[in-house]
1. With each pseudo-label sitting 7 Å past Cα toward Cβ, what's the ARG199-LEU186 distance in nm, one decimal?
2. List the chymotrypsin sites (Phe, Trp or Tyr not before Pro) in segment 394-503 that DSSP assigns to loop (not H, G, I, E or B) and whose Cβ has at most 10 other Cβ atoms within 10 Å. Which are they?
3. Where the centroid of each part is defined by its Cα atoms, how far is segment 335-395 from segment 216-230 in Å?
4. Taking a threshold of 26 Å on the Cα-Cα distance, which of the pairs LYS579/LYS650; LYS586/LYS623; LYS201/LYS584 fall above it?
5. Using helices alone, I'd like the mean residue ellipticity at 222 nm for the chain: each DSSP H run of four-plus residues gives -39500 (n - 2.57), total over residue count, nearest 500.
6. What FRET efficiency do you get for LYS430 and ASN124 if R0 is 51 Å and r is their Cβ-Cβ distance, rounded to the nearest 0.05?
7. Would you work out the relative contact order for segment 422-480, in percent, from Cα pairs under 8 angstrom that are 6 or more residues apart?
8. Quick check: from the Cα gyration tensor, does segment 59-129 come out rounded (a/c under 1.5), prolate or oblate?
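Readers should treat all values here as calculations from the given coordinates under stated rules, not as data from a laboratory. Just so it is clear, the structure is predicted and the values come from calculations on it, not from any experiment. Cβ coordinates were reconstructed from backbone atoms using ideal geometry, including for glycine residues, and neighbour counts include every protein chain displayed.
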Amino acid sequence: MAVLEKIRVKFGLAASIIIALGLLSFIVSPSDIASAFQSMSSKYDVGEIGNKSISYTDFQEDVQRMTSVNEIISGTSASSAAQQEQIRNAAWQNLVYKHLFIPEANAAGITVGEDELVDLSTGNYISPLISQNPLFVDENGSFSKDAVLTFVRNINADETGQLKLYWDYLQENVLNEQYYEKYASLFTQSNITNPLMLRRKIAENNNTTDVDFVMVPYSYTTDSSIVVSDNEIKEYYNSHKNLFRQQASRDMEYVVYEVVPSATDIESTKNSVAEMYEEFAQSDNVRNFLLRNSDRAYSEYWYKQGELSTISSDIDNFVWSSNDAGVSDIITSGNTFYVARVMDSQMIPDSAYVKHILLQSADADHVADSLLNVINNGENFANLAALYSDDQGSTVDGEMGNIGWMTQNYMIPGFEGVFTAALNKPYILKTQYGTHIVEVTKKTAPVAKKQVAILEKEALASKETFNDYYNRANTFATAAAGSYQNYRKAVDTLGVYSHPVSNLLESSNQLGAIDNTKEVTRWIFDNKAGKVSPIITVDNNYFFIATVKDIHKEGYATVNEAASVIREQLYFDKMSEKKAAEIKEKISGMNDLEQIAETLGSTVSSQSGIAFSSLTSQSLDPKFIGALSAAPEGQVCGPVAGSVGVYVFKVTGRDTGAFFTEEDSKNRDLQEAQYLTQYLLPVMMQDNDVKDNRARFY
């Protein structure tokens, strides 16, 4: 136990728990441990697909595999938060196919055999996932089956295992897509339109209606005479329960203290910039100076007029107010202070067309010198690139060695000098990738640009200011602790604003305009209604105190949760019926729309060419369009209670065209069927009650 205690001290509680469980295996039977883990782990599953629990460990294995594939594709292990989320989504999607979609397809009699998969990969019916893959193209940019076969033959010789990993990834996606295509075809091919339905569709699209109408809009004032009873709400709920499916969510409130620099902090920062001013203006090594003193590093970017406005319009105005190099006064923008120094001015093109030969061998420098001499003596650059370059992927415009057009925003690090390099004069360049022979063959027209060094310092909260805000938050947290009632009393007593949030989802990572609030969300979902959080710090800049008001469980909303929405709908239905009845009584016996409009305090409007097939035709009310499509011509009809008002109308004419053909109808049917297939997976997941708990972990 002494060893365990040392581990606990050195590595913390979490590690000691893991090791303690390992030690327990010497005393407790393995079956008991497995049972204990099973009971503990369900809460920590990433989800459930097809009645199979997906543990965090298993999911992470899939995520790691997809991460490795992404590294192979991108050529880098670096990935942004958005890319990491895409990788996790891809891993989850694969699990949905594996544990749900493919078993469901098999149950429907659909299979994809090994011979079929081979045919889709290297045979006569190559999948677009392979035929459109840039990896498998020839020198002309066309798909090459030989390139695929060469890739497959090289898999066993690849000791890194990356080729097999990537090929398995492709095979998995080809298999999934083939299953999806077959399953979707059950719907697209069975979507049959008989001759009667076809004639009706053609008629509905070719027949149009002209109408004169009077519309009386609904009032925004609540009618107190309209009452919606609890029994009516319950009856509506029971008959429309499927409308009230919901995700798990929470209603909560929070108070947040944002740490902002004080007036003293701001003045101190301005003074520090003033103290550095002369050294910045005179420094011979601006790059190092900014590295030590500035929030903004030195950039060799060549700015055109207007581009510096994204940093500060005052900086841009200073830089372009004179052609001479100079240093600006201290420029203030909010809590940030700038000093700009013009380093150079030149006429620089926006783009340069570049070719290169990359050499990465131990004797790269010697080889580069030799090749440069050969090129200068007239040897073809592309031929040498094909023979010697370690970059065989640069084949822009079908010529080996061509990188293509480079801009400052599309630039290989280290190649910045191509804009000022001489045309058609090869030179040697060293970068982090190796030794290059570079040649610039074309440039766009040069424009005036400047290189500018910018000293930037943002005023930050001092330790004293930070502690002051923390103490304020702590005062509130102490007063609010224990219950929602205490929280509300603290809000009133201390005069702070409480932010209400309804239906917060477990995946939420933002509260108001503040990002990275996942810790607040996790606390809210881990606690019961009425609880109040301790101080939760976000980005070391915000102090949150949150409270849970209500809990909405996944599944169907309760009658009480849905009551407000149902009450509003039933009120509208009753109000529109009452309004229509009142108008009917007012215009009883009238057959002239002008007289009806005058009686109702409205005007007569006209619309032409209204087609029933488009319920949004000319932005009219769908209920109104449905009513006039079946109304007799030349007769005042209504009132009709629509979505925005009550209508009284007269059909003034109908026209039958021939622009919508049988072929148009078939194409529309096909489009609708293909559109509906997009819902195959979501509906299947809903019917099988797939649970996605990833938001608890990421």
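1. For ARG199 paired with LEU186, the spin-label model returns 3.4 nm.
2. In loop regions of segment 394-503 (DSSP not H, G, I, E or B), the sparsely surrounded chymotrypsin sites (Phe, Trp or Tyr not before Pro) are TYR497.
3. Going from one Cα centre to the other spans 75 Å.
4. Correct reply: LYS201/LYS584.
5. -14000 deg cm²/dmol
6. Numbers: r = 48 Å, r/R0 = 0.94.
Efficiency computed from Cβ-Cβ geometry: 0.60.
7. Numbers: 26 pairs, mean separation 12.2, N = 59.
Relative contact order, segment 422-480: 21 percent.
8. Oblate, because a/c is 1.5 or more while a/b does not exceed b/c.
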